[in-house]
Amino acid sequence: MRLDGKVIVVTGAGRGLGRAFAEKCAAEGARVCLAELLPDIGRAAAEAIGEQALFVQTDIADWASVKAMADRVASTWGGIDGLVNNAGIATGVGGKRFDQIDPDAFLRVLDVNVRGTWHACKAVYPHMKAGRGGSIVNLTSDTALWGATALLHYVASKSAIIGMTRSLAREMGPDNIAVNAIAPGLTRVEVTELVPRERHELYEAGRAMPRPQFPDDVSGAVAFLLSDDARFITGQLLPVNGGFVFN
């Protein structure tokens with residue numbers, strides 16, 4: 001019960017990795033806000049977790065929506081101790097070379113993935129500062145570490161999150177707030193069923209541990225970074241991908 005008594009916000013928590021993170025945090029004793037854009041899956045996930053979960057419909061690209069979510073969580077549970085920045089656009093962005101990507105699609109991916117991460121950090125910051133500390137875990141991707149092809153706008157957004165994590169760690173450190181990033185590999189969740197089979201095979205054969213990756217392979221690392229065991233770790237990037245790339 002490493003997170004006993006903590007209040008954790010997980011964005012994009014209705015399904016996939018986000019839901020696994022929310023479930024893990026709850027299993028470790030936390031009260032969890034599932035900040036999810038889609039009401040049906042967000043509400044269902046919160047109901048499945050139980051009374052220690054709260055669903056708040058949230059559009060991370062909309063500052064007013066994110067701020068309202070953070071304020072509601074803090075007023076409901078008395079503060080915010082942790083944030084998992086998981087929400088973002090990944091589905092349907094792959095398959096095109098850099099010179100074939102639609103300009104509007106490029107900007108939309110950066111707007112949601114990068115600005116959305118910034119919005120969430122900014123929204124929880126005053127509540128963590130008032131509580132004299134906290135922990136933020138930003139989800140990036142190992143595609144930013146090995147330079148995945150046919151995903152330029154997604155890779156650019158995830159690379160930006162790595163740089164933001166380091167700057168945020170220095171800016172928030174004086175307030176006893178740790179900020180770290182986790183870079184999962186291609187994980188078997190609902191949305192990655194749309195990824196071509198050859199990309200899955202590339203990952204599975206190329207890992208030091210040559211097998212598929214599942215949400216439970218990542219959720220323990222997230223819980224650790226949110227816990228007091230990791231209170232003096234900040235500004236770090238942790239690849240969690242079975243050894244497909246090393247950092």
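The values are calculated or read from the model by the stated rules, or taken from the named source; none is laboratory data. Since we're looking at a predicted model, the values are computed, not measured. Positions of Cβ are backbone-derived with ideal geometry, glycine not excepted, and every protein chain shown enters the neighbour counts.
Candidates Gly185, Gly206, Gly163: the one that is surrounded by fewer than 17 Cβ atoms within 10 Å (Cβ to Cβ) and within 20 Å of Asn86 (Cα to Cα) is Gly163. Hey, any hits in segment 87-96 for a residue that's outside any loop (DSSP other than H, G, I, E, B) and touching a residue at least 24 places away in the same chain (Cβ under 8 Å)? No, that holds for no residue.
Restricting to segment 193-218, count the residues that are within 28 Å of Ala150 (Cβ to Cβ), touching a helix residue (DSSP H, G or I) at 6+ places or on another chain (Cβ under 8 Å) and in contact (Cβ under 8 Å) with a residue 40 or more places away in the chain.
Our first condition is that a residue be within 28 Å of Ala150 (Cβ to Cβ); within segment 193-218, this holds for 193-215, 217-218.
From what's left, touching a helix residue (DSSP H, G or I) at 6+ places or on another chain (Cβ under 8 Å): 200, 210-213, 215, 218.
Adding the requirement that they be in contact (Cβ under 8 Å) with a residue 40 or more places away in the chain leaves 215, 218.
Counting residues in segment 193-218 that are within 28 Å of Ala150 (Cβ to Cβ), touching a helix residue (DSSP H, G or I) at 6+ places or on another chain (Cβ under 8 Å) and in contact (Cβ under 8 Å) with a residue 40 or more places away in the chain gives 2.
Candidates are the residues of segment 143-164 that are of a type in the set (S, T, N, Q) and touching a Leu at 6+ places or on another chain (Cβ under 7 Å); the one that is farthest from Pro184 (Cα to Cα) is Ser157. Looking across segment 213-234, the residues that are buried (at least 16 other Cβ atoms within 10 Å of the Cβ) and either of a type in the set (Gly, Ala, Ser) or within 21 Å of Thr143 (Cβ to Cβ) (or both) come down to Gln213, Pro215, Asp217, Val218, Ser219, Ala221, Val222, Ala223, Leu225, Ser227, Ala230.
Restricting to segment 77-121, and then to whatever is more than 15 Å from the chain's Cα centre (by Cα) and among the basic types (Lys, Arg), can you tell me which residue is modelled with the highest pLDDT? The selected residue is Arg108.
Among the residues of segment 181-225, those that are in a helix (DSSP H, G or I), at pLDDT below 80 and charged (D, E, K, R) comprise Glu193, Arg197, Glu198, Arg199. Under 14 Å from the mean Cα position of the chain (by Cα), small (Gly, Ala, Ser), within 16 Å of Ala221 (Cα to Cα) and crowded, with 17+ Cβ neighbours inside 10 Å, is that true of Gly18? Spelling it out, Gly18 is indeed under 14 Å from the mean Cα position of the chain (by Cα), small (Gly, Ala, Ser), within 16 Å of Ala221 (Cα to Cα) and crowded, with 17+ Cβ neighbours inside 10 Å. Does Ile41 satisfy the condition of being β-branched (Val, Ile, Thr) and at pLDDT 95 or above? In short, yes.
With the requirement that a residue be within 17 Å of Phe224 (Cβ to Cβ) and in a loop (DSSP other than H, G, I, E, B), what does segment 6-16 give you? Reasoning before the result, please.
Here is the first cut: in segment 6-16, the residues within 17 Å of Phe224 (Cβ to Cβ) are 6, 8, 10.
The one that is within 17 Å of Phe224 (Cβ to Cβ) and in a loop (DSSP other than H, G, I, E, B): Lys6.
For Arg231, the stated conditions do not hold, so it cannot be described as out of contact with any helix residue (DSSP H, G or I) (no Cβ under 7 Å at 6 or more places or on another chain), modelled with pLDDT of 95 or more and either within 22 Å of Asp111 (Cα to Cα) or of a type in the set (Val, Ile, Thr) (or both).
Selection over segment 37-60 of residues that are among the β-branched types (Val, Ile, Thr) and assigned to a helix (DSSP H, G or I) gives a count of 2.
Among the conditions (1) of a type in the set (A, V, I, L, M, F, W, C); (2) buried (at least 16 other Cβ atoms within 10 Å of the Cβ); (3) farther than 17 Å from Leu226 by Cα, the only one that Ala178 does not satisfy is (3). Annotation: of all residues in segment 127-151 being touching an Asp or Glu at 6+ places or on another chain (Cβ under 9 Å) and over 19 Å from His200 (Cβ atoms), the one that is surrounded by the fewest Cβ atoms within 10 Å (Cβ to Cβ) is Arg132. Please verify whether segment 113-120 includes one or more residues that are part of a strand (DSSP E or B) and buried (at least 17 other Cβ atoms within 10 Å of the Cβ). Scanning segment 113-120 turns up no residue that is part of a strand (DSSP E or B) and buried (at least 17 other Cβ atoms within 10 Å of the Cβ).
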